[in-house]
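What follows is a short report on a single structure.
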Amino acid sequence: MAKSSKDQLLVQELSCSICLQLFSEPTSLPCGHSFCAPCIAEVIRKEHCGRRPHTCPECRTEHSGPSALQSNFKLCSIADCFRERDACASSPPVLCDVCMESPGAAAKTCLKCEMSLCAAHLRPHFKPAFQGHVLVEPTSDLRSRTCSLHLKPLEYYCATDRSCVCAVCAVEGEHRSHDVKSFLSARAELSAALDKRLKEAEKKLQDSERIQQEGKEAESALERSSGELRQKALRLLDDIIREAEDYKGQVLGVIELEQRRVESELRGVISRASLKRVSLKEAQMEIRDALAQTDLLAFTRKCRTVASRLGAAEHPGAGEPQRAALNRARLVASVEKKSLQFRLRCVQVQRSLASLMEPKVQVQDKSRLSLSKGSANTPAAARRSVDTLPNPTAFILADSRFGRISRQ
């Protein structure tokens, strides 16, 4: 019967690209492509003989060889299920070999007689004369139940080689010195071994479920603790930002205060110079008036007045306006004080973060964790506090510039 297009597509997906047959023991490479275990092993062997790098036959991605192979159990189950379904759908029912006309469906197959028998022809096999005959489920493929060497039915199990053998193999063949058992006793031993493996698998399954549950609980606890730690760290880092903004405002305030002082002095000099300029202009006008006098008495009196006014205008109290400049030494001293306070608060936050990350670390002086601005009111106290703290340079943000100014 012709297969549908969907079945053909499924066959292509479940076929090895090397042998073009349904997967047999499918094995996957790291790139994701799967092949039959014997097929890919042969490819790897040939590549090794030719001293070539191991590559995937489909995408040519390099891999490390046999160590990179991984059994694809899920794909193996899918291929086996498809193979069984295809076999059941394509194989005709097993018919009775004794019925001459309109043979009916076989009920059992006798391995010794090598015949499939319906229910009617099977009755003699229940008599004592047929006690040594082996009855199995109806099958048309007796070769799979027959020894390929002696053409005898497979009746025993060789535990040494883990294979099914016939009576001749067990008595005279290569299995005569092996641990050969009947199917019944082998089933009992194999069932006991499988039961043990099943219990071990169930125990491992329970352990894996327990580990999975504990892992999920640990993950939830980690998320909670990480969230709490993140919030606390954010609060401390926000303190750093606030301290930096406060430090910025203080430094700019110091500069503006010095600037206003210098501007006030300049305005005083400009005001005095303006008053002196007015006095000199008035004295200049009176001198010109005196020079224009023709009356000697009036000229003499005018000269005395002009002399007194000119002396007042040229009084040295007005002074020469000096070059406007900021007092760098005063700026350095003021900014250094603010810098020491800021460094101390930053190091305090650093120690708070360290104790938050490592709760077991004991902080010797817990009072230093406070961000109180009154904890470093003097430069000497701030300098002593900073000198006693570990690695304060990690949080020095704005002190190096003023250090260079002070050294100039």
statement: Checked segment 1-32 for anything at pLDDT 85 or above, surrounded by fewer than 13 Cβ atoms within 10 Å (Cβ to Cβ) and among the aliphatic types (A, V, I, L, M); matches are L20
All positions within segment 147-185 that are within 30 Å of A119 (Cβ to Cβ) and touching a Leu at 6+ places or on another chain (Cβ under 7 Å): C147, P153, C164, C166
- prompt: From the list L154, L75, which one is of a type in the set (A, V, I, L, M) and under 25 Å from L184 (Cβ atoms)?
  reply: L154
- prompt: Looking only at segment 9-43, which residues are free of Cβ contacts under 8 Å to residues at least 24 places away in the same chain and under 35 Å from the mean Cα position of the chain (by Cα)?
  reply: E13, G32, F35, C36
- prompt: Taking interchain pairs and intrachain pairs at least six residues apart, which have beta carbon atoms under 7 angstrom, with the first residue in segment 228-246 and within 11 Å of F342 (Cα to Cα) and the second assigned to a helix (DSSP H, G or I) and of a type outside the set (K, R)?
  reply: I240/C346; I240/V349; E243/F342; E243/C346
message: Considering only segment 116-136, I want to know if a residue exists there that is in contact (Cβ under 8 Å) with a residue 24 or more places away in the chain and basic (K, R).
response: no
query: Restricting the search to segment 140-151, which residues are assigned to a loop (DSSP other than H, G, I, E, B) and buried (at least 16 other Cβ atoms within 10 Å of the Cβ)?
result: C147
- request: Show the residue pairs that are 6+ apart or on different chains and have beta-carbon atoms under 6 Å apart, the first residue being within segment 264-291 and not assigned by TED's automatic domain parsing to the domain that holds C303, the second being part of a helix (DSSP H, G or I).
  value: none
statement: When every residue in segment 177-205 that is in contact (Cβ under 8 Å) with a residue 24 or more places away in the chain and surrounded by fewer than 15 Cβ atoms within 10 Å (Cβ to Cβ) is compared, the one farthest from S144 (Cα to Cα) is E189
message: Residue under question is E47, and the condition is that it be surrounded by 11 or more Cβ atoms within 10 Å (Cβ to Cβ), out of contact with any strand residue (DSSP E or B) (no Cβ under 7 Å at 6 or more places or on another chain) and closer than 28 Å to E13 by Cβ; does it hold?
response: yes
query: Of the conditions (1) at pLDDT below 85; (2) over 30 Å from V332 (Cβ atoms); (3) under 55 Å from the mean Cα position of the chain (by Cα), A283 fails just one. Which one is it?
result: (3)
query: So, in segment 125-139, of the ones that are more than 60 Å from the chain's Cα centre (by Cα) and assigned to a loop (DSSP other than H, G, I, E, B), which residue ends up nearest to F183 (Cα to Cα)?
result: V134
- request: Among residues belonging to segment 152-176 that are under 30 Å from P93 (Cα atoms) and not hydrophobic (A, V, I, L, M, F, W, C), point out the one that is surrounded by the fewest Cβ atoms within 10 Å (Cβ to Cβ).
  value: S163
query: Within segment 31-67, which residues are under 17 Å from S17 (Cβ atoms) and in a helix (DSSP H, G or I)?
result: A37, P38, C39, I40, A41, E42, V43, I44, K46, E47
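The values are calculated or read from the model by the stated rules, or taken from the named source; none is laboratory data. Source: prediction; values computed, not measured. Because the Cβ atoms are built from the backbone with ideal geometry, glycine has one as well, and the counts that use them run over all protein chains shown.
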